[in-house]
Every structure is written in structure tokens, then in C-alpha cells.
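Read through the structure below, which is laid out as C-alpha cells, and then see the notes.
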Amino acid sequence: MILAIQDANILIDLHNAGLMETYFDLGIETHTTDLVLREVAQPMGVYVLRGQLKVKSLSSEELLVLLQFKAGQPPGLTLEDCSVLQLAMQMKAILLTGDNKLRNHATKCKVEAHGVLWVLDLLVEETLLDHATATECLNKLTKTNPRLPVDECEKRLKMWAEGRGITPPRPPTK
């Protein structure tokens, strides 16, 4: 089983694309932190109640440790960013984030990190999304998330139109 820690922007993107339910069909054990969940305006409670999205609530002692951890990280990372990075490091999990600063820093910290396009590739590969639906979802995402890499989006749209997909790298299973 893949173990993943989600940043707020992935939760938001999956919700905006109408892919939350489909994402959980992948069977990825998914965690986030209470700090990140507070950033997400979309309703996530149902996934928490079902046990599909596990939320790490930080105690006051853990918050102090997190603040010390953040002090050693690049200044552009928020406390929420550091909370998911630290959790991914502790759990030896992949980090799902659309934040380039966080993803690049996670890679430097030897944490495997991917964005929403990786999730889409996985959904297509696992046949949980057909090419037409994936195209529809990606078109929705490009309207709500202008930070997605245009060239990578166009590459997928072209391949899906041709009936092909991209094989996403697979992390080791836990």
C-alpha cells in the first residue's frame, strides 16, 4: 500500500476536479495534519469520518517541535508546509503537494514528492478514470489552478486524446 501525506492544495485540487471519491478508490493510505485541514475550505469531514483521510492533530509539545523544525527550513515554507513535510519524514511516506518550493525542498530532504498530475496519471493507469473523464478533470483544474505546469498539462491532454497515458513512478509500498 502507498502511504501519502497530503498538502492543502492537493485536497483542494481533487475536490475542485470532483475527484475525491475516485482518489480514495486508489487505496492510498492518506494523512494530513490538522494545520493543513484548517486551510481547506472544502468539506473534508466525511472523508475523515470514514477513515479515508487520517488527520494528525498536533499536541502543544508536537507544535513546539514543529516550530523548531520550521526554524531549520527555508523561509518560504509555511508552518503548514513544514507540518506535512515533517509528517512525511516521520512516516516515511510520499508527500503530495502542488507547492513547488515544498516539493523541491522535500526532494532535497529525501522525501518523494508528487503533485496532482501524478495523481491523475495514477487514476488513468489504474483505469479509475477513462481518458475523456481525465481530460474533463484536467480542464477543470487548469481553470481553478493557474499554477499547474502548462507544458505537462498539454502533454497529458494530447496523450489522452490519442488513447495513451503516462506511467507514473511508483513509490515502494509499505
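The values are calculated or read from the model by the stated rules, or taken from the named source; none is laboratory data. As the structure is a computational prediction, the values presented were derived from the model and not from experiment. Reconstructed Cβ throughout: ideal geometry from the backbone, glycine too, with neighbour counts over all protein chains shown.
Brief remarks on what is shown
- Residue in the range 25-32 that is in a helix (DSSP H, G or I) and surrounded by fewer than 20 Cβ atoms within 10 Å (Cβ to Cβ) present: no
- Selection status of T144, under 20 Å from I12 (Cβ atoms) and not aliphatic (A, V, I, L, M): yes
- The condition (being in a helix (DSSP H, G or I), surrounded by fewer than 16 Cβ atoms within 10 Å (Cβ to Cβ), without any contact (Cβ under 8 Å) to a residue 24 or more places away in the chain and over 14 Å from the mean Cα position of the chain (by Cα)) is satisfied by just one residue among K70, K158, K140, K110: K158.
- Tabulated pairs, the range 93-107, first touching a residue at least 12 places away in the same chain (Cβ under 8 Å) and surrounded by fewer than 19 Cβ atoms within 10 Å (Cβ to Cβ), second among the acidic types (D, E) and assigned to a helix (DSSP H, G or I), C-beta under 9 angstrom, 6+ apart or interchain: K101/D81
- Filter result for E125 (closer than 30 Å to G163 by Cβ, out of contact with any helix residue (DSSP H, G or I) (no Cβ under 9 Å at 6 or more places or on another chain), in contact (Cβ under 8 Å) with a residue 12 or more places away in the chain and not assigned by TED's automatic domain parsing to the domain that holds D25): yes
- Of the criteria (1) at positive phi; (2) surrounded by 15 or more Cβ atoms within 10 Å (Cβ to Cβ), which one L3 fails: (1)
- Within this structure, L128 fails the test of being outside any loop (DSSP other than H, G, I, E, B), crowded, with 16+ Cβ neighbours inside 10 Å and touching an Asp or Glu at 6+ places or on another chain (Cβ under 6 Å).
- Taken over the range 47-67, the residue count meeting the criterion of being of a type in the set (S, T, N, Q), loosely packed, with under 14 Cβ neighbours inside 10 Å and over 18 Å from D81 (Cβ atoms) is 2.
- Taking the criterion of being surrounded by 15 or more Cβ atoms within 10 Å (Cβ to Cβ) and β-branched (V, I, T), the only residue of the range 161-174 that qualifies is I166.
- Among the candidates D151, D81, residue that is over 21 Å from T22 (Cα atoms), touching a residue at least 60 places away in the same chain (Cβ under 8 Å) and acidic (D, E): D81
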